1. Using the Karplus curve 6.51 cos²θ - 1.76 cosθ + 1.60 with θ = phi - 60°, what ³J(HN,Hα) values do you get for each residue of region 171-183, in whole Hz, with x for Gly and Pro?
2. Just list whichever of LYS122/LYS202; LYS202/LYS240; LYS122/LYS305; LYS175/LYS379; LYS305/LYS417; LYS175/LYS313 have alpha carbons separated by over 23 Å in the model shown.
3. Run the numbers for ARG388 and ILE90: contour at 0.36 nm per residue of separation, minus the present Cα-Cα distance, in nm.
4. Would you calculate, for the chain, the mean residue ellipticity at 222 nm contributed by helices, counting each DSSP H stretch of 4 or more residues as -39,500 (n - 2.57) and dividing by all residues, to the nearest 500?
5. Let me test this: with uniform point scatterers at the alpha carbons of region 149-257, what is the Debye-based log₁₀ I(q)/I(0) at q = 0.11, 0.12, 0.13, 0.24 1/Å?
6. State, as an integer percentage, the relative contact order of the chain based on alpha-carbon contacts under 8 Å between residues 6 or more apart.
7. Based on the Kirkwood radius over alpha-carbon pairs, what value in µm²/s does the Stokes-Einstein equation return for the translational diffusion coefficient of the chain at 37 °C and 0.692 mPa s?
8. May I ask you to compute the full-extension gain from SER419 to ASP215, defined as 0.36 nm times their residue separation minus their alpha-carbon distance, rounded to one decimal in nm?
Amino acid sequence: MHEGATETFTESHDGGAWDLICGDLQSMVSRDAFQRWFRAARMTSCEDGVVTIGVPGEIHQVWIETNYLPELTSAVCARIEGVHEVRVTIGTEEVAPAEKEAASDEPAATYTRPDEPGAFEKRIKAAGLNPNYTFERFVVGNNSQFAHAACEAVAKRTGVGYNPLFIHGGPGLGKTHLMQSIGQEWLRRYPSSRVVYLTCEKFTNEFIDAVRRGDIEKFRRRYRSADVMLIDDVQFLAGKERSQEEFFHTFNTLLDGRQQVVLTCDRPACEIKNLEPRLVSRFECGLAVELQPPQMETRMAILRKKSEEWKVKVDGSILRFLAERIGTNVRRLEGALMRVATFASLAGESVSVDKVEHLLRDLLREEASRQISIDSIQKAVAEHFDVRLADMTSRRRPASIALPRQVAMYLSRNLTKGSLMEIGEAFGGRDHGTVIHACKKINDRIGKEPGMRETIARIESQLRR
């Protein structure tokens, strides 16, 4: 609440109250956050102490509830008396100008004539999509909730300004699955649309062939006329100057024509080496979402869902063993389940945990080699905060060093199997109480500061690559 402002409102649907709430919010969150998440929101009701805020789509709802609900609740309670709950729902009474503009460009979804048998499958094949990659078959967890909501918003055209959509994360986490789900949903809703999926390597190779054959115009017409362009693994552009030039102009043509572009990458755009700054800025001008390694509960859900899809019976203890031992890569997790299920089917016998451990010894050995150590955490944190590695273990306590050290202790506690004593010893012989204090401090800041939450996620993602 702004200093000196004490006026409150009790009328529902009061535009004046919402304007003042927005004014308070702008002092609580960054300008970019307000423009992206609250500009199109509206107060839709205020009844019995419950205020409902309407937002344009699911991605707004998820992001505000996850990151800004305390600030929103505080701003509402400061302006409206007797409020005990603030809810965020999809749907606004009033459409913002930017949304009207976007809606006017939406392709018409006509279903006046039913498809011929197999027509949808033909469209999927022509677009280069895998029919198994649908939203229904993607298991959503805390690691992927925001990315999934963003992709659904793009597929349903409820997202405003998510162009391009840039999905990044380590290998085997579902980036291609989500991207192709967008393509399938788009074709289902808008059958006449032209959806194109390809890898960046294919784009580059076809461009080189087109230059060699002298039919570059045909190449450009093919990719610049798409309604939806889905491009996988854009990190492949690194160091390829002529391909970057062509990609830059193709990208601009699509965006200028308000055609949707979705990109995937194994890292944030700013971390791609030997990529032109103008391409980096283009990739960052829309919405960037990250897929992180799934947590234990999500890994179990993935294994159960795959067991049902493949119609195989695997004992729960085996599923738990796989989920506990394979945690960095969903593709590897599914491959392990397939190997176990195939062995059980061919051998005609139930498998024990010991048998599975022997059967998957190569995968488990590789997974163990990827385990995060306290040393690797200290190096990653020191690099992120631009401090010396020696500062992790020194007795110096200025704020510029204390915070990185606390972050490193927090990550060591959450990402390694080290005990409190072992972690304290690795940080210059500190006692377990210091480690507990550091973990509590960082955990509190994660709950209050979106910036700290993003910092932790970024370092953890870097460590898991």
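Read the figures in this text as sums done on the coordinates, not as results from a lab. For clarity, every value in this text was computed on a predicted model and none was experimentally measured. When we count neighbours, we look across all protein chains shown, and the Cβ atoms used for this are built from the backbone with ideal geometry, even at glycine.
1. x, x, 9, x, 4, 5, 4, 5, 4, 6, 4, 4, x
2. Correct reply: LYS122/LYS305; LYS175/LYS379; LYS305/LYS417; LYS175/LYS313.
3. Answer, rounded to one decimal: 102.6 nm.
4. Per the formula, -16500 deg cm²/dmol.
5. Once normalised to I(0) and log-transformed, intensities are -0.37, -0.44, -0.51, -1.48.
6. For the chain, the relative contact order is 12 percent.
7. Result for D is 130 µm²/s.
8. So the chain would gain 67.1 nm between SER419 and ASP215.
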